[in-house]
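Q: Have a look at this one before I ask anything.
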Amino acid sequence: MTDRNRRFLLALAALLAWSLAPAAPATLPSIEVHVQVQGSHVRVQAHVPLPVTREQAWAVLTDYPHMASFLPNLQEARVLSSEGNRLTTFQRGTARFGIFSYDFEITREVSLQPQDAVHSHLLSGNMKQFDAEAILHDTTRGLVLDYRSDSVPSFWLPAFVIKPFVEHETREQFDAMRREMARRYPQ
């Protein structure tokens, strides 16, 4: 490896480390995000302490028509159809991390268990697979959102790049949701 390549990798590592600095207000517990890359699968687990009640959290988590106004990576978000606790949603945006960006469009089937859980499954878009669940839990320290997803991106990046990219994107999205909850429902 040349000195130039070493310097580039060190600069990239420094940029990645700087980009992962938590963005949540200091008064909120940090968001825990764990990403595993296994073959083409990217698996995410997140543990997100929430600053509001279950009803308030639910109102923001399921506000699909307005998500583009408070999630930084979305340009468009809408509900295509709704039947009881089943929705079809569309989202379009760009995920950014350092010098990398990824434009996405996804249509998902969303199944709601009111004020408890959101399950979503990719119907179409520029990912090969995406399944996720977000579950609200009451704990002795307050309300927590536990999130899990399994996806197969339609692009390839080495694991040492995709892992911090997905960690950053996940943390940023949940931090934006928490800020929206706190904005709508100041305690």
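The values are calculated or read from the model by the stated rules, or taken from the named source; none is laboratory data. Computed from a prediction, not measured in an experiment: that's the story for all the values here. FYI the Cβ positions are ideal-geometry reconstructions off the backbone, even for glycines, and counts take in every protein chain you see.
Q: Can you find even one residue in region 97-107 that is surrounded by 19 or more Cβ atoms within 10 Å (Cβ to Cβ), in contact with a helix residue (DSSP H, G or I) (Cβ under 6 Å, 6 or more places away or on another chain), touching a residue at least 60 places away in the same chain (Cβ under 8 Å) and closer than 17 Å to ALA176 by Cβ?
A: Yes, some residue in region 97-107 is surrounded by 19 or more Cβ atoms within 10 Å (Cβ to Cβ), in contact with a helix residue (DSSP H, G or I) (Cβ under 6 Å, 6 or more places away or on another chain), touching a residue at least 60 places away in the same chain (Cβ under 8 Å) and closer than 17 Å to ALA176 by Cβ.
Q: Only one of ALA24, ALA95 is in a strand (DSSP E or B), within 15 Å of the chain's Cα centre (by Cα) and modelled with pLDDT under 95. Can you tell me which?
A: ALA95
Q: Now for a separate question. Select, from LEU143, LEU123, the only residue that is out of contact with any Leu (no Cβ under 6 Å at 6 or more places or on another chain) and either surrounded by 15 or more Cβ atoms within 10 Å (Cβ to Cβ) or part of a strand (DSSP E or B) (or both).
A: Checking each option against the conditions leaves just LEU123.
Q: Now for a different question. Among (1) part of a strand (DSSP E or B); (2) modelled with pLDDT under 95; (3) farther than 20 Å from HIS168 by Cβ, there is one condition VAL110 misses while meeting the rest; what is its number?
A: The number of the failed condition is (2).
Q: Every residue in region 152-187 that is crowded, with 19+ Cβ neighbours inside 10 Å and part of a strand (DSSP E or B), please.
A: PRO153, the sole residue that qualifies.
Q: Can you tell me which residue among PRO65, PRO72 is surrounded by fewer than 16 Cβ atoms within 10 Å (Cβ to Cβ), in a loop (DSSP other than H, G, I, E, B) and not basic (Lys, Arg)?
A: PRO72
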